[in-house]
């Protein structure tokens, strides 16, 4: 993969490497969209990806974080172990990113 992220409906294409010298956000994005679903992800890496894709993350009550990205908003439960605990969590994150127009580049 080239490390590009396509922002659909906005006609914008940017490279995560241009924003951050590490490859971690790129690898996290690839893991989220991997088949079969990868379960070896830390919540802090997901938050880092949201922020590098142009989103904002706000801690709200009850162990949750509200993510705002490309005009969309979603509240996610923060895993107690700080790693994703179920495939459903990964699918929810993938769906949110797809709806926000963020997916791995070619």
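Considering only helices (runs of 4 or more DSSP H) fully contained in the stretch 1-96, which possess at least 1 residues that are at pLDDT below 85 and touching a strand residue (DSSP E or B) at 6+ places or on another chain (Cβ under 8 Å)? Before the answer, list the steps.
Working: elements: 16-19, 24-32, 43-52.
Fully inside the stretch 1-96 and qualifying: 16-19.
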- Pairs under 8 Å by beta carbon, first residue free of Cβ contacts under 8 Å to residues at least 60 places away in the same chain in the stretch 82-93, partner assigned to a helix (DSSP H, G or I) and surrounded by fewer than 15 Cβ atoms within 10 Å (Cβ to Cβ), six or more apart or different chains? 82/44
- Message: Pull out all pairs, ordered by first then second residue, where Cβ-Cβ is under 9 Å, the residues are six or more apart or on different chains, the first lies in the stretch 23-52 and is free of Cβ contacts under 8 Å to residues at least 12 places away in the same chain, and the second is outside any helix (DSSP H, G or I).
- Response: 31/37; 31/38; 31/40; 31/41; 51/57
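The values are calculated or read from the model by the stated rules, or taken from the named source; none is laboratory data. Since the structure is predicted, the reported quantities are computational estimates derived from the model, not experimental observations. Using ideal geometry, Cβ is built from the backbone for each residue, glycine included, and neighbour counts are taken over all protein chains shown.
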